[in-house]
Amino acid sequence: MNLQSMDSAEASRLANEFSQNRFRAKEAEERHQRMREREKQQRKWEEQQRLIERERQEKEDQRQKECQEEEDQRRTPAQWRVLLASKDTELASKLAAKDTELASKSAQILSLENELSSVKKRLEDISTSKKKATDALRYSGEKSKGDQTSLVERIGLANDATITKLKTMLAKAGGLSRLTLTSADFHEQHSKDDNNAAFELFGYRSYQEAKEYIDAYFHGEVDVNEDRLDEIEKLIDAKDNFIKLSPYEKCLCCRMFIRCFPKQKIMSLIFGRHRTTIGDILKEWMPKWAIIGQDLGCLDITLDYLQKELPEYNEARGSGLSVFVDGKDFTIGTKDSDTNVARSTFSTKKEGDAVRVITFSTAIGLVCEKSPEFAGRAGERMIVKFMGSRGPVNADTRSWEDVHSRDPFNPRTDDVFYTPLDDYLNSAEYAELVDELAENGEGAITTLLEAIGAHDDGILLTAERTGLTRGGITADDESSVSDESTGEVVERHSARDVFSIADAKEAYMNMVQMAEVDRDQKKKRKRKSTPLLTPDKLKEQNERALESDPNMSGKRKLKQLELHQRLHQKYQEGKLRKCMLSYFLLSEEQNRLKLLAWMGSPLAGNTPKPTFDELPKIPLGLAKIPESVSLAGDKGFTGLEKDLPGLNQCENPAHAKSAKERQSEEQIVSEVPLT
C-alpha cells in the first residue's frame with residue numbers, strides 16, 4: 001500500500017516538473033522571438049537612418065558644389081591665380097611630406113632588409129655549425145663503436161718501428177711513386193752513376209742539388225723540404241685517400257715531363273691524378289720553367305768578363321776574343337692538318353718537323369744569348385740578321401730605380417712567357433673569312449693577294465718580307481751546316497720553290513671549296529677549322545718574340561738578377577758545384593749588386609745605392625757583343641758584319657769542302673781552331 005502511494009506521488013511530481021519545464025521553454029522561446037523582432041526593427045531603423053544621412057550628405061554636397069560653382073563664377077582671374085598658387089603650395093607641402101614619409105619608410109625597409117640579411121647569415125652559420133657538430137658527433141659515435149684505434153693501428157702500423165720499417169722498404173724496393181719521388185732516402189738508395197734517379201728524373205747530379213737549384217729558381221713559391229714518405233701517416237689517415245699536390249710536386253711533375261716522361265698518362269699514373277689534372281699542371285708550370293731558361297740563357301756579358309774567361313789554350317794559340325754562334329734544331333710534333341705550318345717547320349737537319357734556335361756562347365761554352373724558336377725552314381743567317389735588326393740599343397735602366405718597392409712584381413701580369421699561339425685567328429674569324437671568299441667567288445682570291453701585296457717569304461705568305469727565307473742550295477755550292485754530319489753535297493731547291501704564291505692560291509681555293517663541308521662537319525662537332533695566320537700577326541709575333549727577354553722591363557730584370565744572386569750565394573756557400581755559370585756570376589757580382597741596389601732589392605745587402613752614371617750599361621740583344629770581339633761560326637754565318645749592331649768581324653774555319661776534310665788531322669794541325 002505504502003509502495004503504491006509512493007509511486008503515484010513520484011509520478012505526480014514528475015508530471016508537474018515536466019509541465020513546468022514545458023511552460024518555461026515556451027516562455028523562453030517567446031522571449032527569444034520578441035528579441036529577434038526588436039533586433040530586426042532596430043536594424044531596419046538604423047538602415048533608414050543611414051539612408052536619411054546619405055540623402056542629407058548628398059544634398060549638402062550638392063549645395064556646397066553649387067555654392068562653389070557660384071563662387072568660382074564670381075572669382076576674377078587674379079583670384080584664380082591666388083587660389084591656384086595656394087593649391088600648388090598645399091600640394092607641394094603634401095608631396096614633400098609624402099616624400100619625407102617615403103624616405104623614412106625606405107630607410108626603415110632598408111634597415112629591416114639588412115637586419116633580415118644579417119639574421120639569415122647568422123642562421124646559415126648556425127646551421128653550418130650545427131651540421132658540422134652533428135657530423136662530428138656522428139663520426140665520433142661511429143668511431144667509438146669500433147676498437148677505438150686509429151686507421152694506422154687497424155692496418156697493423158701500431159708503432160714507430162713498424163712505420164720506419166715500411167718507409168725503409170718503400171725507399172729500397174718501392175719503385176717510383178708519389179711517395180718516393182720527394183724522399184731523400186729513396187734518392188740516396190738510387191744515387192749510383194748507372195742508376196741515378198735524380199739525374200734521370202730531373203737532370204741533376206743528386207737530389208740535394210736538385211732541391212738547391214729549385215729553391216733558387218722558385219724561392220718562396222715551393223717548399224723543397226717536403227718529403228711525402230715522412231708524411232705517410234697523414235696520407236694513410238687522409239679522408240678518401242686524397243691529398244692535393246703541393247707546388248713542389250707540381251714543379252717536379254713539370255720537370256719530369258720535360259726530362260723523361262713526355263706523356264701525361266704516365267705522369268697521371270705516378271702522381272695518382274687524372275690526365276686532365278696533369279695537363280692543368282703543365283699549363284701552369286711550363287711557362288715558369290721557360291722563364292728560368294730565359295733568365296739563365298740571357299746573360300749581360302762584358303768585355304772584361306770575356307777577357308777573364310778566355311781559356312789559356314786559346315790565348316796560347318793566338319785566338320782572340322770571340323763569341324761563337326751556332327744553330328740547333330729541336331724536333332716537334334707534326335701538324336698534318338695545316339700544310340702551311342708543315343712546310344714551314346720542315347727541317348733538313350732533322351728530316352722532319354722542328355724548330356730552329358740560334359745560340360751565342362762564349363769561349364768556354366757559356367750561352368749568353370739565344371734567338372726565339374723559329375720554324376725549321378727559317379735560314380740561320382736570316383735569323384741572325386733579324387736578331388740584329390734592333391740595333392745598338394741599351395735598356396732603359398733609369399726607369400728601373402726602386403722598382404722593388406715602387407712597382408711590386410705581379411706573376412699574373414708581369415711573369416708572362418710570350419707564345420704566338422694566341423695570335424692565330426679563332427674558328428669564328430676563320431669561318432667568316434671562308435664565307436666571304438665563297439660569296440665573292442674565285443676572283444676574290446687574286447684580288448685579295450693583290451690587295452695585301454703578298455710576298456712569298458719562304459716560310460708563310462706574308463704582307464711584308466720578314467727576311468727569314470733561306471736561299472737555294474745548288475750542286476755548285478759547298479755542303480752547308482745542314483749536311484755537316486754527313487759531308488755530302490745534296491742538291492736542294494730554295495724554300496721559295498717549296499711554298500710559292502701558287503701554293504697559296506691553291507690553299508685559298510681549297511678553303512673556298514670546303515666551306516660548306518666545314519660548316520656541316522662543325523655542326524656535327526666532327527671537325528674544327530685550322531686557324532689562319534695573318535701577315536700582320538706574323539710580323540707582330542716576330543717583333544714580340546724578339547723583345548721577349550729579361551731586359552724587357554725593370555720588374556722582369558729584377559727577378560732575373562735576384563735569381564742570379566741566389567745562385568751565386570749557393571755557389572759561394574758550397575751548396576752547388578762550381579760551373580761556367582758560377583764563374584760568370586762571380587765575375588759580374590759588382591755590376592749585379594749595383595743594379596740590385598739601384599732597384600731597391602734586399603739582396604743587394606750593404607751595397608750603397610749608386611748614381612745613374614755609375615750603373616753598368618745593359619745592351620739589348622746582339623748589342624751585348626763588344627765591338628772589339630769577333631763573331632765566330634761555320635761558313636754559313638760569313639758576311640754578317642753589317643747586320644750586327646756592333647759591326648763585329650765574322651770569322652769562320654778554313655773553307656773545307658766536306659766535314660770529313662774539316663775533321664782530318666792535317667786540317668786540325670794546320671789551322672787555328674775557332675770552334
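In whole angstrom, note down how far apart the Cα centers of the range 107-132 and the range 557-594 are. Measuring centre to centre over Cα atoms gives 57 Å. Put simply, the amide H of Glu651, placed in the peptide plane, has neighbours under 5 Å in Leu631, Ala632, Gly633, leaving out anything fewer than 5 places away on its chain. Can you work out the FRET efficiency for the pair Glu351 and Glu188, with r the C-beta to C-beta distance and R0 = 51 Å, to the nearest 0.05? Computed FRET efficiency for Glu351 and Glu188 comes out at 0.75.
Once both labels are positioned 7 Å from their Cα atoms along Cα-to-Cβ, the gap between Lys121 and Thr100 label points is 3.4 nm.
Net length available on complete extension from Glu573 to Gln79 is 167.4 nm, with 0.36 nm assigned per residue and the Cα-Cα distance removed. Residues whose amide H falls under 5 Å from that of Glu226, counting only those 5 or more places apart or on a different chain, are absent, with hydrogens built in the peptide plane. Couplings for the range 280-289, taken from phi via the Karplus curve 6.51 cos²θ - 1.76 cosθ + 1.60 with θ = phi - 60°, read 5, 5, 5, 4, 7, 9, 4, x, 5, 5 Hz in order; Gly and Pro are left as x. Stretched out straight at 0.36 nm per residue, the stretch from Lys244 to Ala92 would grow longer than its current Cα-Cα span by 47.9 nm. Just so you know, the Cα atoms of the range 1-74 work out to an Rg and Dmax of 31.8, 109 Å. Model label points for Leu586 and Gln33, set 7 angstrom from Cα along the Cα-to-Cβ axis, are 13.4 nm apart. Look at the dipole of the range 1-74 built from charges on Cβ: of Ala9, Gln33, Gln73, the Cα furthest out on the positive end belongs to Ala9.
Structure note, pairs Lys328/Lys539; Lys578/Lys635; Lys555/Lys642; Lys335/Lys642; Lys211/Lys263; Lys211/Lys557: Cα-Cα distances above 28 angstrom occur for Lys578/Lys635; Lys555/Lys642; Lys335/Lys642. Lysine pair count for the range 1-124 (Cα-Cα distance under 28 Å; residues 8 or more apart in sequence or on different chains): 11.
A Förster radius of 22 Å combined with the Cβ-Cβ distance from Asp280 to Leu176 puts the calculated FRET efficiency at roughly 0.50.
Both numbers refer to the Cα atoms of the range 577-620; Rg and Dmax are 11.6, 36 Å.
Taking each residue as 0.36 nm, the span from Ala15 to Glu614 lengthens on full extension beyond its C-alpha to C-alpha distance by 201.8 nm. Couplings 3J(HN,Hα) of the range 547-559, computed from phi: 8, 7, 8, x, 8, 5, 7, x, 5, 5, 5, 4, 5 Hz, in residue order, whole Hz [Karplus 6.51 cos²θ - 1.76 cosθ + 1.60, θ = phi - 60°; x for Gly and Pro]. A Förster radius of 30 Å, combined with the Cβ-Cβ distance separating Ser628 from Phe330, puts the computed FRET efficiency at roughly 0.35.
FYI, it's all coordinate maths here, none of it is from the lab. From a predicted model like this one, the values you see are computed outputs, not experimental measurements. With ideal geometry, Cβ positions are generated from the backbone for all residues, glycine too; neighbour counts draw on all protein chains shown.
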